[in-house]
Structure formats: structure tokens, C-alpha cells
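Asks: Please find one structure pasted underneath; my questions will follow.
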Amino acid sequence: MVILISTAVLDGDAHDALVSSTRPVVQATMLREDASGCGALIELAGSEHEAVTSCGPSSFASGDTVWVARDPAEPARFLVVVAGEGWFEPDAVDRALGVALGLGLGLAALAGGYRGLLRRDAPSAGGPVKPRTLADGLPCRAGPDRDESFLVDAEAGWEGFKASVGHRLERFAESDIRLRGSLMSLVVIAVFWIVVSTSVGTSREMSTDRAIVRSGQPVDVALLEYANDDFPPIVRYQNTRTELAYDLVSGEGQELGDAVKVVVDPHDAGQLIPVSMAARIGLFAWFEAHLHMLVFGLALLWGVGSLLIGREVGDRVSGVMRRLGFGY
């Protein structure tokens, strides 16, 4: 099923690429664009029609003129065609990856189904089993037969590997504290250097961008997508989808389509700096810009410290708590 779905999706992509490159195009007016959903609403010959886009970097505002191609297999479907922006055309590698993904998911489902359902109902190959008796002579149910499947062997091998790794880590934790303490000191120095150098570089970059904002000419761009954990906000600038260099401040760009003031970096035309970032100064702004580095450094030190000197630190904390009378 997964292979069929993957093949159908790739066939659809190949069909759209062929239509966009071979069918005649006509002018239409953009009414509304769904930037995140790769869709649009266009006006053609006085009627409104739904259209699809290539999910490329281009973006159009309401009222812009666009070129569209009609899908011959579905006359009510239109494709927005942009010069120089091709549609995704799957090749043999893409199809092979789709088949491999389908086979992998199919085998995983087969193994899970066998392990969870079929193996439990499989008849025993050892013939009827006599019921065991308890010490008082009463019969009890026979225990399950030993599973001889390859899954059990794989599970046993994995458990053995985990036990071996755990034994090695335990032996390392019991080694000479001077060796582990020296390694921990090197880790502290390395983490401190990484955090400080990254922080200094970030501070210099933000200072440069503030100077650009103060000396540049602000322009209005339209907000297309909100920021998330992985990407900054995306705006439309000169009919192109562009990421902002910084997140927006609270209360700015609350609705999609809102105008956002930015300054174009004179050294990099693709970098748009929000005007609002120039007001981000003070202790809170510093922590907001550097918090991820501090969290990374502390998490790395905690993880490595737990491995290298966790036992000694735990013993020292327990001793302090006992002296303070907390019952440790």
C-alpha cells in the first residue's frame, strides 16, 4: 500500500512538471495565495478558480498578474507557472527511495504483526504438553514454550550489547578519579571556549545589524508564515519568499498578510532585518539571544559530568545534605 501511494504521488509530481513545461499559459489575476499550502485562488476570464503552485520561492500579492496552465486531465485545475522556476520532477532515484521506504515499512509492519499477533496464536511444535503440578499436587497451566524465532535471537543480542556497554561504562566510572577529572577539565575548557566565542560572534553580528537598521531605508513586506522552532518568519519581498534574519517582537505581525517593516542588508540583498530588532537591548534581550547557547553548554556539561565524575559529585552532595540534617 505504501509503495502504491508513493508511486501515485511521484506520478502526480511528474504529471504536473510535464503540464507546466508543455501546456500553453494564459494570464490570470492572483486573488489569494496560500503560501504554506502551495495553493492559490485566481481570477480567469471573470471567474474564480483554485490553482496550485510549485511551492517554490516565488510569491504573489493580491492583484498581481500571474501565468497559469490548465491541467488537461482535470480542466478545472490550474497550475501557476513562473519563468525560471521549475516544478519537482522525480527521477529514478526518487522512485527507488519510495519503493525502499515502502518495503521497509511493510517489513516492519509484518514483523510487528507476527510478533504481536501471529506468534502468540501459533501452535507449539513440541506436541501436547503435560500440565505441571504444584507442590500440593494440584495441576496448573503449562508454561509457554520457548520462542525460537529470529526476533528473539535479535532481541537477546541487543540486550547483550546493552549489557556489555553498561558494564564498560560502569568500569570506567570506577576508574582513577585523576583520569576522569582531567578529562572533565578539558571538557569544561572546550565548552566554555565554544560558548564564549559563539556569544561574542552573535553580539557583534547583532550590533552590525542594528547599525544597518538605523542607517537604512525601511520597506514594507507581507508576512506569509509565522516563526516556529526551526525557522524564522517568512515574508514576501519583491514577489519572493524570504526568511527574516530575526524573529518579530511580541505584537508585531499578528495576522498573515500584515505589513512588516524591514531593512535590506546592503552587503546581502537576501537578508531582511526587521526594524524592531534595533530596540532589543538590555539584559533580557541578551538572554533571549544567548539562551540557547547557555542551555547547550549546561546540558553538555551535565551529561559529560554524569558520566565522568557523577559518582563523586553524588557522594559530595549526599555528604553536604547529611551535614545539613536532611537525613541523607
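The values are calculated or read from the model by the stated rules, or taken from the named source; none is laboratory data. All values derive from a computational prediction rather than experimental measurement. Methodologically, a virtual Cβ is constructed for each residue, glycine included, from the backbone with ideal geometry; neighbour enumeration extends over all protein chains shown. Note: areas computed on protein heavy atoms with side chains; ligands, DNA, RNA excluded. Shrake-Rupley method; radii C 1.70, N 1.55, O 1.52, S 1.80 Å.
Asks: Want the number for T198 to E288: 0.36 nm per residue separation, take away the alpha-carbon distance, what's left?
Replies: Details: separation 90, 0.36 × 90 = 32.40 nm, distance 1.43 nm.
Extending this stretch completely gives an extra 31.0 nm.
Asks: Further, regarding this structure: For segment 218-277, what does the accessible surface come to per residue with a 1.4 Å probe? Please give it in Å².
Replies: I get 54 Å² per residue for this part.
Asks: For R241, which sequence-distant residues (separation of 5 or more, or a different chain) have an amide H within less than 5 Å of its own amide H, given hydrogens modelled in the peptide plane?
Replies: S58, S59
Asks: Still on this structure: Per residue and in cubic angstrom, what volume does the convex hull of the Cα atoms of segment 203-273 have?
Replies: Spread over its residues, the Cα hull of segment 203-273 gives 97 Å³ apiece.
Asks: Follow-up. Under a 1.4 Å probe, what is the accessible area of segment 1-112 per residue, stated in Å²?
Replies: 58
Asks: Let me ask something else about it. Of (i) 0.99; (ii) 1.59; (iii) 1.09, which one was derived for Cα Rg over 2.2 N^0.38 Å from the structure shown?
Replies: Only one option fits the structure, namely (ii).
Asks: How do H15, H267 stack up against each other in accessible area, from largest to smallest, with a 1.4 angstrom probe?
Replies: Most to least solvent-accessible, the answer reads H267, H15.
Asks: Short version: ³J(HN,Hα) in whole Hz for each residue of segment 273-285, in order, from phi by Karplus 6.51 cos²θ - 1.76 cosθ + 1.60 (θ = phi - 60°), x for Gly and Pro, what are they?
Replies: 9, x, 4, 5, 5, 5, 8, 7, 9, x, 5, 5, 5
Asks: Here's another thing I want to ask about it. Which ³J(HN,Hα) values, rounded to whole Hz and listed in residue order, are derived for segment 85-99 from phi using the Karplus coefficients 6.51, -1.76 and 1.60 in 6.51 cos²θ - 1.76 cosθ + 1.60 with θ = phi - 60°, glycine and proline given as x?
Replies: Per-residue couplings from phi come out as 10, x, 8, 5, 10, x, 10, 5, 5, 4, 5, 5, 5, x, 5 Hz.
Asks: Roughly how far apart, in whole Å, are the Cα centres of segment 1-52 and segment 217-249?
Replies: 24
Asks: Quick check: pseudo-label points 7 Å beyond the Cα along Cα→Cβ at T208 and A190, how many nm apart are they?
Replies: Placing both labels 7 Å beyond Cα along the Cβ direction yields 2.8 nm.
Asks: Could you check how much of the accessible area of the chain is carbon and sulfur, as a whole percent, using a 1.4 Å probe?
Replies: The C+S portion of the solvent-accessible surface of the chain is 62 percent.
Asks: Just tell me the longest site-free run in the chain, where the sites are GluC sites (Glu not before Pro) in a DSSP loop having at most 12 other beta-carbon atoms within 10 Å.
Replies: It runs 1-147.
Asks: Pulled fully out, how much extra length does the chain show between Q254 and E43, if you take 0.36 nm times their separation in residues and subtract their Cα-Cα distance?
Replies: Using 0.36 nm per residue and subtracting the Cα-Cα distance, I get 73.2 nm.
Asks: Let a ≥ b ≥ c be the square roots of the eigenvalues of the Cα gyration tensor of segment 14-81; is it rounded (a/c under 1.5), or, if not, prolate (a/b larger than b/c) or oblate? Please list the in-between numbers first.
Replies: Details: a/c = 1.68, a/b = 1.21, b/c = 1.39.
The shape class here is oblate.
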